[in-house]
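The values are calculated or read from the model by the stated rules, or taken from the named source; none is laboratory data. All values reported here derive from a predicted model rather than from experimental measurement. Backbone-built Cβ (ideal geometry, glycine too); neighbour counts: all protein chains shown. All accessible areas refer to the heavy atoms of the entire protein, side chains included, with ligands and DNA or RNA removed. Shrake-Rupley method; radii C 1.70, N 1.55, O 1.52, S 1.80 Å.
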Amino acid sequence: MSFKDLPEERPSTFDETGRRVYLYPAAVKGFFRTRRNWVQGFLILFFLLLPWIHWNGQQILFLNVAEREFFLFGLHFRAHDAPYLLFLFLTFAFAIALVTAVMGRAWCGWACPQTVFIEGVYRRIENWIEGNHRERRARDQGPWTAEKVRLKGFKFFVFLIVSLVITNSFLAYFVGSKPLLSMITSSPLEAWPSFLFILFSTAIIFINFGWFREQFCMIVCPYGRFQSVLLDKNSLVVAYDYNRGEPRKGMVAAVPQGDCVSCYRCVQVCPTGVDIRRGLQLECIHCTACVDACDDVMATIGKPLGLIRYTSESELEGKKRTVLRPRVAAYTLALVGAISALTFFLSQKEFLQIAVLRAKDFPYQVIGSPKGELVINHFRLDISNQTRSATSLTLSSSENGLELVMPMSPLNLPDGAHTRADFFLRFPATLLVQGERKVQLMAQSPEGIQTLEVTLVGPNNK
Ligand code: SF4
Ligand code: SF4
């Protein structure tokens with residue numbers, strides 16, 4: 001199938017039997033390509049270096065899923081902080097919805113790691129080793145020769161090294177850069193589960209960026225599916241100006257003819273196999289390659305640039321594009337709401353989290369003493385230090401007759417510590433009313449004082 005006769009009824013990356021049709025997009029130069037090179041270069045460095053940056057001794061972005069612990073730019077969350085993570089997720093989701101409603105698939109075309117790594121790294125390597133799109137297509141369709149084996153072997157070897165580097169940086173987000181370094185430097189025989197894990201992750205990155213490519217956007221990525229409901233006629237999209245372009249050359253004999261000369265250059269450069277002249281399509285990731293390609297053609301034939309450009313369906317229909325509209329207002333409100341809720345809850349968050357649990361032995365013990373019968377309750381403190389520094393904690397009670405016994409006091413809490421500590425409350429049975437009583441304890445640390453409520457239990461001496 002040539003790029004000049006794309007099927008109407010299915011994406012051009014499948015044949016009539018549903019088998020993959022491999023694409024050979026041509027390289028393109030131009031206004032947007034230059035800017036995307038800069039953006040992609042910056043993002044590649046950002047994605048790769050971010051997990052290796054530490055601040056105050058802590059990795060600044062660390063998603064420790066195994067331990068259910070998350071470090072996000074100076075903030076520390078645990079699994080029980082799910083409400084904060086929910087608002088964080090909602091902030092991200094509403095931001096994406098808002099950007100899509102206003103600027104279309106700007107994320108896909110400019111910032112998604114799938115696009116950034118394929119275009120910024122893998123396609124460049126392919127071009128460098130195997131030559132341009134025509135040479136690559138001809139080689140793939142030709143017989144296996146020594147030259148083909150050499151070039152393919154070298155290309156896959158370089159892909160493998162690059163995939164290994166990317167995998168290690170991506171894994172550092174989830175296993176931590178320091179543990180990852182020790183995984184890398186230890187012998188595979190010493191830590192073979194980690195070694196197999198790195199190998200498996202590298203294989204996924206290698207297959208995805210090296211071969212699966214645009215299929216991920218079309219088949220796997222959920223955002224690609226629901227972006228069509230986020231867009232409307234006023235969203236900024238990459239589109240072909242059919243008013244100017246039609247009737248295109250070769251379509252009808254009528255004069256005057258439109259500006260499209262049917263050179264198919266826009267199709268030839270498309271990384272997802274789209275003919276943008278057929279209108280907005282789900283497969284289009286708004287990468288602007290067709291804009292640069294067509295501008296180049298227009299410049300050559302002396303026509304105004306922008307036959308394919310960033311525009312909106314409204315503008316193509318001759319109407320004015322409205323930026324502020326109900327869906328943009330709704331997404332903005334939702335985004336502001338999510339950010340406000342997140343900020344509010346974070347401002348209320350206790351970064352020294354303390355919970356009092358009843359120990360799992362007897363609910364109480366009764367002992368005799370010269371002053372009469374005494375009751376002992378055994379409790380356990382569950383403390384999580386998320387203050388980003390070492391701290392200490394002292395527990396006390398101002399309740400008359402209540403004696404607090406804590407073997408380790410003050411309790412030292414290193415940065416990030418999740419600790420449990422036992423303590424006992426001893427009190428006369430007369431303190432209880434119908435076998436129980438609520439009392440308050442003070443947990444004092446350099447961060448402030450927290451009040452904890454516990455229920456004393458004992459014999460029900462009415
Ligand atoms: S690159 Fe421009 S002129 Fe050429 S086929 Fe595409 S839209 Fe028409
Ligand atoms: S149609 Fe144009 S903007 Fe869309 S993916 Fe293809 S080249 Fe990129």
For this session: Output the number of residues of segment 180-194 satisfying the condition of being under 30 Å from Trp55 (Cα atoms) and part of a helix (DSSP H, G or I).
Result: 8
Problem set entry | Any pair with Cβ under 7 angstrom, 6 or more apart, that starts in segment 10-26 at a residue that is farther than 24 Å from Glu130 by Cα and ends at one that is part of a loop (DSSP other than H, G, I, E, B) and among the charged types (D, E, K, R) | Pro11/Glu283
Problem set entry | Given (1) out of contact with any His (no Cβ under 6 Å at 6 or more places or on another chain); (2) open to solvent by less than 40 Å² (accessible area, probe 1.4 Å); (3) modelled with pLDDT of 95 or more; (4) more than 11 Å from ligand 1 (Cβ to nearest atom), number of the condition Pro304 does not satisfy | (2)
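Residue-wise test of (1) at pLDDT 95 or above; (2) in a helix (DSSP H, G or I); (3) near ligand 1 (Cβ under 9 Å from one of its atoms); (4) in contact with a helix residue (DSSP H, G or I) (Cβ under 7 Å, 6 or more places away or on another chain).
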{"position": "Asn243", "(1), (2), (3), (4)": "no, yes, no, yes"}
{"position": "Ala253", "(1), (2), (3), (4)": "no, no, no, no"}
{"position": "Gly258", "(1), (2), (3), (4)": "no, no, yes, yes"}
{"position": "Leu282", "(1), (2), (3), (4)": "no, no, no, yes"}
Exercise. For the subset of segment 418-462 comprising residues that are of a type in the set (Lys, Arg) and open to solvent by less than 100 Å² (accessible area, probe 1.4 Å), which member is farthest from Ala79 (Cα to Cα)?
Worked result: Arg426
Exercise. Checking Met298 against (1) part of a helix (DSSP H, G or I); (2) more than 15 Å from Arg36 (Cα to Cα); (3) open to solvent by 10 Å² or more (accessible area, probe 1.4 Å), which single condition isn't satisfied?
Worked result: (3)
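Listed here are the residues, each with its yes/no results for (1) under 16 Å from Glu373 (Cβ atoms); (2) touching a Lys or Arg at 6+ places or on another chain (Cβ under 7 Å).
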| residue | (1), (2) |
| --- | --- |
| Ser384 | no, yes |
| Ser397 | no, no |
| Pro414 | no, no |
| Leu432 | yes, no |
| Gln450 | no, no |
For this session: Sort out for me the helices (runs of 4 or more DSSP H) sitting completely within segment 75-179 that have 1 or more residues that are buried (at least 18 other Cβ atoms within 10 Å of the Cβ), over 16 Å from the mean Cα position of the chain (by Cα) and acidic (Asp, Glu).
Result: 123-130
For this session: Write out, first by first residue and then by second, each pair whose Cβ atoms fall under 9 Å of each other, whose residues are 6+ apart or on separate chains, and whose first residue, in segment 293-304, is touching a residue at least 12 places away in the same chain (Cβ under 8 Å) while the second is near ligand 1 (Cβ under 9 Å from one of its atoms) and open to solvent by 70 Å² or more (accessible area, probe 1.4 Å).
Result: Val297/Lys303
Seminar exercise, completed: Residue pairs within 7 Å by beta carbon, gap of at least six or interchain, first lying in segment 390-416 and over 27 Å from Leu432 (Cα atoms) and touching a residue at least 12 places away in the same chain (Cβ under 8 Å), second in a loop (DSSP other than H, G, I, E, B) and of a type in the set (A, V, I, L, M), listed first then second, are Leu413/Ala390; Pro414/Ala390; Asp415/Ala390
Exercise. Could you count how many residues in segment 269-321 are within 26 Å of the chain's Cα centre (by Cα) and within 10 Å of ligand 2 (Cβ to nearest atom)?
Worked result: 11
Exercise. In segment 377-395, how many residues are of a type in the set (A, V, I, L, M) and open to solvent by 30 Å² or more (accessible area, probe 1.4 Å)?
Worked result: 1
Problem set entry | One residue from Leu335, Leu352 being open to solvent by less than 40 Å² (accessible area, probe 1.4 Å) and either at pLDDT below 95 or closer than 30 Å to Asp422 by Cα (or both) | Leu352
Seminar exercise, completed: Subset of segment 247-268, residues in contact (Cβ under 8 Å) with a residue 24 or more places away in the chain and more than 13 Å from ligand 2 (Cβ to nearest atom), comes to Arg248, Asp259, Cys260, Val261, Cys263
For this session: Consider Ile276 carefully, then state whether it is more than 13 Å from ligand 1 (Cβ to nearest atom) and among the β-branched types (Val, Ile, Thr).
Result: no
Exercise. For residues in segment 195-237 being more than 23 Å from the chain's Cα centre (by Cα) and in a helix (DSSP H, G or I), which is surrounded by the most Cβ atoms within 10 Å (Cβ to Cβ)?
Worked result: Phe195
